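Working notes, beginning with the structure itself.
The values are calculated or read from the model by the stated rules, or taken from the named source; none is laboratory data. These figures come from a predicted structure and were not determined experimentally. Quick note on the areas: whole protein, heavy atoms, side chains included, nothing else; ligands and nucleic acids left out. Shrake-Rupley method; radii C 1.70, N 1.55, O 1.52, S 1.80 Å.
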Amino acid sequence: MTVIDKLAAFEGEVPSSGATGPRTVRMPAFGISGQPTTLISLVTASLLVGAWWFVTEYGLVSSLFLPRPAEVLHQFVVVARDGYAGAPLIDHVGASLFRIGLAAALAILAGIPLGLLMGLNRFAKGILDTPIEFYWPLPPLSYLPLMIIWLGIGETSKVTLLFLAMFAPICLAAQSGVRSLPVERAQAARTLGATRLQLFAHIVLPGALPEILTGIRIALGVGWGTLVAAELIASTRGIGFLIMSAAQFLATDVVFVGIAIISVCAFSFAHAVRLAERLLVPWRGRG
């Protein structure tokens, strides 16, 4: 029996002998049934689209401010076929996905190790916490001019802006995940002979993983929210550039097309993280 098996038996997660499976403990639902909410979400979305159609169809809001759903759908077909602002739609989407994907990968590779280090070492926390907490509340537009001055108007400044927006929530989530671990669990593992490496691999990292994945999901949302600001920097491609270009000509239907594309991409990224949560932390409760 390994150290981890001993720890599980010690904590009562699995029986120490003579049993065939893990012991299941049911927690009170507090009014939440645990049933899927997909149908409710679909009904809500349908009601919102219906309200949108109603107020535009009967002229309650000018089409300059809120175009009809059919107009947005038609404009999406036109943009997908003919492109917009001198580039095909696939080029705009591809440019934005590249920037978000690269910045997210860099933020994950840097944020998780540093966050874990901050949670495990008080000197690392003391050194890194101040600069992160200083810039984290700042809106990205406030340091956008610095990115242009320091890094120019190329892709580096755009990716760096997105990286900074996503790094802090991932790093702070990793730190929070380490600090939320029960001390008794780590002490029990050390008592049963776990090495530092085993303690980190089997106790610290799995215990912090739910918080880390939540931080990644939040960071991706922040990244997509920062995309329009990032693509203000002398861009000729990107969904954010498409939106800003359409806004200059009061092409509200094209703006809605860009917003819809960002929403679909952001939802897909968030859904991918939720799938990762189901695979990597299946013990986490699902609401």
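Tabulated data
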{"read-out": "Shape box of the stretch 219-276 [Cα atoms, principal axes, largest first, Å]", "value": "41, 23, 15"}
{"read-out": "Value of D in µm² per second that Stokes-Einstein yields for the stretch 166-206, Kirkwood Rh from Cα pairs, at 20 °C (1.002 mPa s)", "value": "195 µm²/s"}
{"read-out": "Gap separating the Cα centres of the stretch 48-81 and the stretch 202-220, nearest whole Å", "value": "40 Å"}
{"read-out": "Taking only Cα atoms of the stretch 90-242, radius of gyration then Dmax in Å", "value": "18.0, 60"}
{"read-out": "Calculated P(r) of the stretch 182-250 - Cα pairs past 15 Å, %", "value": "68 percent"}
{"read-out": "Under Karplus coefficients 6.51, -1.76 and 1.60, residue-wise ³J(HN,Hα) of the stretch 145-153 in Hz, glycine/proline x", "value": "x, 5, 4, 5, 5, 7, 10, x, 10"}
{"read-out": "Compactness index (Cα Rg / 2.2 N^0.38 Å), the stretch 81-128", "value": "1.94"}
{"read-out": "Kirkwood-Stokes translational diffusion coefficient of the stretch 169-287, alpha-carbon pairs, 25 °C, 0.890 mPa s, µm²/s", "value": "144 µm²/s"}
{"read-out": "Cα centroid separation - the stretch 225-287 against the stretch 173-187, whole Å", "value": "33 Å"}
{"read-out": "Karplus (6.51, -1.76, 1.60) ³J(HN,Hα), θ = phi - 60°, over the stretch 133-143, in Hz, Gly and Pro reported as x", "value": "5, 6, 8, 4, x, 6, x, x, 5, 6, 10"}
{"read-out": "Accessible area per residue in Å² at 1.4 Å probe, computed on the stretch 90-242", "value": "47 Å²"}
{"read-out": "Amide H contacts of Tyr84 (H built 1.01 Å from N, under 5 Å, at least 5 apart or other chain)", "value": "Leu89"}
{"read-out": "Residue-by-residue Karplus 3J(HN,Hα) for the stretch 38-55, coefficients 6.51, -1.76, 1.60, Hz, glycine and proline x", "value": "4, 4, 4, 5, 5, 5, 4, 4, 5, 5, 5, 5, x, 5, 4, 4, 5, 6"}
{"read-out": "Isotropically averaged projected area of the stretch 105-187, using the convex hull of Cα atoms (one quarter of hull area), nm²", "value": "6.0 nm²"}
{"read-out": "Solvent exposure ordering (accessible area, 1.4 Å, most first) of Trp53, Trp283, Trp224", "value": "Trp283, Trp53, Trp224"}
{"read-out": "For the stretch 34-142, diffusion coefficient by Stokes-Einstein and Kirkwood Rh (Cα), 10 °C, 1.306 mPa s, µm²/s", "value": "83 µm²/s"}
